[in-house]
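*Asks:* Attaching a single structure in structure tokens format; questions to follow.
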Amino acid sequence: MPRDRQLTTARILAAAEGIIARAGVGAVGVNAVAEAAGVDKVLIYRYFGGRTQLLRALARERRLWPQVELPAPDPGALSSLAEDLIAILLANARALRAHPLARRAAAWQFTERDELARDAAAARDAHVRAIVTALRARHRVPAFVDLDAIVALHWAAITHLALHAGGGAFAGLELRRDDDWARAERALARTINALLGAGDG
């Protein structure tokens, strides 16, 4: 790709990110992005094809929502199923809490029904299923443990709390405050340890 095109593409993507962080995905339009990037809107159609393709380009670069991975096992220290699940849930939630852009995009996925939102939701679900598969491959899961349901409930819960990190409270927790966020993390860890135990690796 010629350098001028690379620079222009980067400006367009950065402009779209800025709009999402300020006003949400719904505010992204070709005209708004062109104005923010200081380019002719023709270039957005030429380089991306339109709004949907532009948002997909952001998604491909993982600039709209985090996709954390299960940490590689440490040969010197055996982790338990509970420890690995806690680690991946907290890594995802912390990534959302730390990045306004990711929170905006995640909230949009839950509220919109357009084609891109459906694609994003399907990709998120596939990612979570891959995490569950990796956990099953790494650990012996007792027959009485419904790992799919446990992951779904806790992933949804901690994601919901992370989405409140930009402002407001939920159930008495001010999620912007580090001490209240730490309370949520401790409660999550204790709940999962109670369900799965710490010695099941």
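The values are calculated or read from the model by the stated rules, or taken from the named source; none is laboratory data. Computed from a prediction, not measured in an experiment: that's the story for all the values here. Cβ: placed from backbone, ideal geometry, glycine included. Neighbour counts: every protein chain shown.
*Asks:* Condition first: modelled with pLDDT under 90, surrounded by 14 or more Cβ atoms within 10 Å (Cβ to Cβ) and not in a helix (DSSP H, G or I). Can you find one or more residues in the range 154-173 that meet it?
*Replies:* yes
*Asks:* Among the candidates LEU161, LEU188, LEU173, LEU153, single out the residue that is within 19 Å of the chain's Cα centre (by Cα) and within 24 Å of GLY24 (Cβ to Cβ).
*Replies:* LEU161
*Asks:* All but one of (1) assigned by TED's automatic domain parsing to the domain that holds HIS164; (2) in contact (Cβ under 8 Å) with a residue 12 or more places away in the chain hold for ALA122, so report the exception by its number.
*Replies:* With respect to (1) assigned by TED's automatic domain parsing to the domain that holds HIS164; (2) in contact (Cβ under 8 Å) with a residue 12 or more places away in the chain, ALA122 is out only on (2).
*Asks:* Hey, another quick one. Taking the conditions exactly as written (in contact (Cβ under 8 Å) with a residue 24 or more places away in the chain and basic (Lys, Arg)), does ARG56 satisfy them or not?
*Replies:* Yes.
*Asks:* Regarding the range 127-141, can at least one residue be identified that is free of Cβ contacts under 8 Å to residues at least 24 places away in the same chain and buried (at least 17 other Cβ atoms within 10 Å of the Cβ)?
*Replies:* Yes, that holds for at least one residue.
*Asks:* Same structure again: Considering only the range 111-122, how many residues are surrounded by fewer than 14 Cβ atoms within 10 Å (Cβ to Cβ) and at pLDDT 75 or above?
*Replies:* Summing the residues that are surrounded by fewer than 14 Cβ atoms within 10 Å (Cβ to Cβ) and at pLDDT 75 or above in the range 111-122 gives 3.
*Asks:* Does the range 20-39 include one or more residues that are under 13 Å from the mean Cα position of the chain (by Cα), buried (at least 18 other Cβ atoms within 10 Å of the Cβ) and in a helix (DSSP H, G or I)?
*Replies:* no
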